[in-house]
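Reviewing the structure listed below.
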Amino acid sequence: MALANLVHATSFIERQANFPQIAGDASSDSTARFPTNKQNEPTIAVNPTDPTHLLLAGANDEQREPPCGPGPVRGLTAPANDCSFFPDIGTSGVYASSDGGASWTNRGVLDDQAAWLASPFVSDGDPVIVYGPKPDGNGGFSYANGARAYYASLASYKSGQSPFPPGKFPELVVVSYSDDDGVTWSAPVIAFTKENPNNFNDKEDIWADRNPNSQFFGRVFVSWTQFRGAQIINLSSEPVVVTYSADGGSSFTAGKQLSPGGKNNGTNNGRQGSAVRSGPDGSVYVAWEELSAQVVAISRDGGASWSHPITIGPVADIESPIPGANFRTDSFLTIAADPRAGSSKLYAAWVNRTRGGGRVVVSTSTNKGASWGALVTVSTAANGYAFFQGLDVAPDGRVVIGYQALKATDTSTFGTGNAFIDAYYVKKSASSWSTPLKVTTVSSDPAASAANSLTQQFFGDYNTLVSSNANAWFIYTDSRHGAGCPAVDNYQKNLATAPKPAPQSSDCPSSQFGNTDAFVSVITP
C-alpha cells in the first residue's frame, strides 16, 4: 500500500502532562534543577467509560530526586557533579486530565501514596498504565462499577527491607491499581510469584481484556524480559515471560516463559521489548523482538497455554545513537488488535533502519496472528530519522500511529543546536495510510536532555499512543523547555579518548539544562 493524500486531522493541541513539573509547586517549571526536572518514557491511558474526559499518564519522573551536588539530601560534602539517583526515592510519576487532555495535573509519584509508603518497595520507573473494568464483587467484572486503572512499574526493595541476603538486589515488576482515576493507588503487588534475588526484570508491558464479550473479560496480563543471573549485560539468559491476574490485580500467576532464554551476547541475541494485547474474542498476544525478527506468541485460553513464536516481520535495529544525536534508541514494536466484535485483524508497528534512516513500518494480520502481511512504510524521509512509535486501534476500527523523528544539521557530530525532534501522526483509512502530519509546534533539541551520569543524552526507550473514536493522544518526551550545555556536550564527545570528571551544574549557562517533559498531542482525526 502506498501513502495517500487523505484528509489530515482537523486539529491538534499540545499540553505538558507533568504540570507543574513538581507536584504542588506552581513555580517548579522554571525553578526545578537537573535531574529534578527530568521526565521520559511516558505512558498514557484513556478511561473507556468516559473517553471524552478522563485520562491518566505517567513517566519516568525525577521530581522527588534532589538537584545535583551538595544539599540537604545528598549531603553537604557531596561532589558538585553528583547527579545520581538517590536511594529510596521513587521515579514513577502520575498525571491526570479530566477534560480530554486540554489540561493536566501532576499528582506526584506512586511513592507519595499511603499504600506505597507502607510497602517495602520503591518505584523504579518503566511505567505503563492501562484501564480495564472494575471487579463486580462476585468474582467477575463490570463497567457498571466504573473502570479500574492499572499501573505497571519496575520496583526494588527499600533499604533494609529486602528479604534476601546482603548484596542481592533484584529488580521487580509490580502492579498497583486505582479506582478513582489516579487519585489514590493500591499497594504494589509483585507480578511474578517465583521471585529470584538474582533476576533483573525489565521493560514490562500491561494489558486488561476490556471486551465484555470475551470469556476472559477483566483479566490483566503483564509481560516483560527476565534477565537471569547477576551479570545482566551480555551474559545472562533473558527470556520473555508473561503472567496474568484474574482478581483485579490482587494476585498474579506463576507466569509462563514464552521464548528460549538465549543470551544477549551478539551470537544468540536477546528477547526484548515485549508488548501484550488481547483481541475481541479473548485471544491474547505477546510480541517481542528476537534475533532479526519481530515475533508473537498467542494464547486462546486466557494465558494458560501459548503457541510457539510466530514471525511477524524482519527488524533492522535503528542506529543507537541516531547520527547527529547521542541518546540510545531501540526498535521495540507496538501491537494492537481491532476491538470490533468478530474482527480478526491485528497490527504491529516498529522502526526499521534503512539507508535513508529510521522508517516506521506496519504489518497486518487478518487471521488473529496466524500469519502476517508485507511491511508498509508509513513515515517519510521528509520527517527525518523516525523512532519510538506508538500504535492503537480505535473502537470504530481506525488505526493510528504516532512517532518522533529527528533531523540533524551535521550527522557526524552531536551537541547543542545540532539536531531537532518533532512528533508525527498517521492514520489508516480503507486500504491507504495518510501522509504524516506534524503534531508539534515547537521542536526539541536532544542535547537539552541527559542521563543522570551526563555521559549521554536521554530520551528514554518508548512513547505511547491511545485513541477513542473522537480523538487520539500521543505522549512523548519533549525538551522544548530545556537548554543544552556546551560543557556537557564536550564531556560526552571526549569520554572515549580523554575521560575526565563530569561537568558541574555551574558550568552550564542555563539553569534549564536537562529539562525534559512528558508532552501530549491531542489529535482530532
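The values are calculated or read from the model by the stated rules, or taken from the named source; none is laboratory data. Since the structure is predicted, the reported quantities are computational estimates derived from the model, not experimental observations. Because the Cβ atoms are built from the backbone with ideal geometry, glycine has one as well, and the counts that use them run over all protein chains shown. Note: areas computed on protein heavy atoms with side chains; ligands, DNA, RNA excluded. Shrake-Rupley method; radii C 1.70, N 1.55, O 1.52, S 1.80 Å.
All of (1) at pLDDT below 85; (2) more than 19 Å from Ala287 (Cα to Cα); (3) more than 20 Å from the chain's Cα centre (by Cα) hold for Phe200 with one exception: (3).
Name the single residue that is surrounded by the fewest Cβ atoms within 10 Å (Cβ to Cβ) among those in region 113-125 being modelled with pLDDT of 95 or more and part of a loop (DSSP other than H, G, I, E, B). Write out each step before concluding.
Within region 113-125, the subset modelled with pLDDT of 95 or more is 113-124.
Imposing the further condition that a residue be part of a loop (DSSP other than H, G, I, E, B) reduces the set to 113, 118-120, 124.
On the way: Gln113: 23, Ala118: 8, Ser119: 22, Pro120: 14, Asp124: 20.
Taking the candidates together, the pick is Ala118.
Based on what the data block shows, is Leu110 open to solvent by less than 20 Å² (accessible area, probe 1.4 Å), of a type in the set (A, V, I, L, M) and in contact with a helix residue (DSSP H, G or I) (Cβ under 6 Å, 6 or more places away or on another chain)? Answer is yes for this residue.
Let's see how each residue does on (1) closer than 18 Å to Ser97 by Cα; (2) in contact (Cβ under 8 Å) with a residue 24 or more places away in the chain:
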position	(1), (2)
Ala17	yes, yes
Ala23	yes, yes
Phe34	no, yes
Asn47	yes, yes
Pro51	yes, yes
Leu54	yes, yes
Arg64	no, yes
Pro70	no, no
Ala78	no, no
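Are any of the residues in region 480-493 farther than 28 Å from Ser274 by Cβ and of a type in the set (S, T, N, Q)? Taking every residue of region 480-493 in turn, at least one turns out to be farther than 28 Å from Ser274 by Cβ and of a type in the set (S, T, N, Q).
Scanning for something under 23 Å from Thr464 (Cα atoms) and in a strand (DSSP E or B), does region 298-309 turn up at least one residue? Explain how you work it out, then say what you get.
Of the residues in region 298-309, the ones under 23 Å from Thr464 (Cα atoms) are 298.
Still in the running and in a strand (DSSP E or B): 298.
Checked against the condition, which is being under 23 Å from Thr464 (Cα atoms) and in a strand (DSSP E or B), region 298-309 yields at least one hit.
Could you list, in sequence order, the residues of region 359-387 that are under 26 Å from Ser443 (Cα atoms), open to solvent by 40 Å² or more (accessible area, probe 1.4 Å) and among the hydroxyl-bearing types (Ser, Thr, Tyr)?
Restricting attention to region 359-387, the residues satisfying the condition of being under 26 Å from Ser443 (Cα atoms) are 359-362, 377-387.
In the following step, the residues that additionally are open to solvent by 40 Å² or more (accessible area, probe 1.4 Å) were identified as 377, 381-382.
Matches in region 359-387: Thr377 only.
Take region 464-520 and flag every residue that is in contact with a Pro (Cβ under 6 Å, 6 or more places away or on another chain), among the hydrophobic types (A, V, I, L, M, F, W, C) and open to solvent by 10 Å² or more (accessible area, probe 1.4 Å). Listed by number, the list holds a single entry, Ala487. Report yes if some residue within region 60-81 is open to solvent by less than 20 Å² (accessible area, probe 1.4 Å) and closer than 26 Å to Thr334 by Cβ; otherwise report no. Yes, that holds for at least one residue. Within region 426-446, being in a strand (DSSP E or B) and under 24 Å from the mean Cα position of the chain (by Cα) holds for Val426, Lys427, Lys428, Leu437, Lys438, Ser444.
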